[in-house]
Amino acid sequence: NHLKALKNYMLDKDVSWAKKSVVVAAILYFIAPLDAVPDFAPLVGYLDDIGVIAWVVRYLSLEITAYYD
């Protein structure tokens, strides 16, 4: 489960706060009503959100694999 692995990653005291802040910033950007391209624009509005999430997934992909059961 992806959310369980992410939770375990975020709760690990050995993971630096800088790496955790990348995850938090991406989540906040995704849920924030104000972002680079407003979400009310059909389809295009979510492209920046998808880009941020995809970048974070790629950024953490090798590190988070250890947190899957």
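The values are calculated or read from the model by the stated rules, or taken from the named source; none is laboratory data. No experiment lies behind these values; they were computed from the predicted model shown. Only protein heavy atoms, including side chains, enter the accessible area calculation; ligands, DNA and RNA are left aside. Shrake-Rupley method; radii C 1.70, N 1.55, O 1.52, S 1.80 Å.
Looking at segment 40-69, which of its residues are of a type outside the set (Gly, Ala, Ser), open to solvent by less than 80 Å² (accessible area, probe 1.4 Å) and within 14 Å of the chain's Cα centre (by Cα)?
Matches in segment 40-69: Asp48, Asp49, Val52, Ile53, Val56, Leu60, Glu63, Ile64.
Out of the residues in segment 4-36 that are of a type in the set (Phe, Trp, Tyr) and open to solvent by 70 Å² or more (accessible area, probe 1.4 Å), state the one that is nearest to Asp48 (Cα to Cα).
Residues of segment 4-36 of a type in the set (Phe, Trp, Tyr): 9, 17, 29-30.
Right, trim to open to solvent by 70 Å² or more (accessible area, probe 1.4 Å) and you get 17, 30.
Values: Trp17: 24, Phe30: 9 Å.
Once the filter is applied, the top-ranked residue is Phe30.
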